[in-house]
Amino acid sequence: MRVVVGPVSNKSARSWLDYARSVVDDLTSIAPDECFSTPEVRDIFEAYLDEWGSAARRRGPFVWESEIPAEEVEYHMHAFHQVAGLLSQREEQTGTSAAPEESKEFYLALLSGVLSALETESDASAEFAQHLGRFWPGQELTIR
């Protein structure tokens, strides 16, 4: 399945990537079993951050494309959903958002790109994407 994220500003992508790296480190120490059920899951997050970081260092707007099996994307999004849920709970408790405002463009493009790819893959993947879109923590998502 082809997943496309962007185009969005590199500034937004770099802002979100910096934030996400700090979150991965923070959550590993605070709630290791709640977010990263295995070391493999953390490795998956870090691999995406590395890959997106390389794309964000290029000139022009951020665009990332990759061929990924739908089953992998669903597994990765399930893990991402858990992290987003925990972050949303922490934001509700503190009353503040830790994510920089300028990172929102990238975050929404990331979610939209992945969910849109799932939506066109198969009926089962589309159902999963629509479910995530309705219940993504802290967001109302519209799939393209």
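Of all the accessible heavy-atom surface of the chain, with the other protein chains kept in place and a 1.4 Å probe, what percent is carbon and sulfur? Show your work: numbers first, answer last.
On the way: 4060 of 8030 Å².
That share works out to 51 percent.
Just to be sure I understand the curve: with the Debye formula and one point per C-alpha of the chain, what is log10 I(q)/I(0) at q = 0.18 Å⁻¹?
At q = 0.18 Å⁻¹ the computed log10 ratios are -1.13.
Subtracting the Cα-Cα distance from 0.36 nm times the residue separation, let me have the gained length for GLU92 to VAL24 in nm, one decimal.
22.6 nm
Work out, step by step, the length gained on full extension between ARG57 and ASP43: first 0.36 nm times the residue separation, then minus their alpha carbon distance; give nm to one decimal.
Additional length available on full extension: 2.9 nm.
For the chain, what relative contact order do you get, as a whole percent, if you take Cα pairs closer than 8 Å and at least 6 residues apart?
Rounded, it is 38 percent for the chain.
The values are calculated or read from the model by the stated rules, or taken from the named source; none is laboratory data. Source: prediction; values computed, not measured. Ligands, DNA and RNA are stripped out before the accessible areas are found, and what is left, the full protein with its side chains, is counted by its heavy atoms. Shrake-Rupley method; radii C 1.70, N 1.55, O 1.52, S 1.80 Å.
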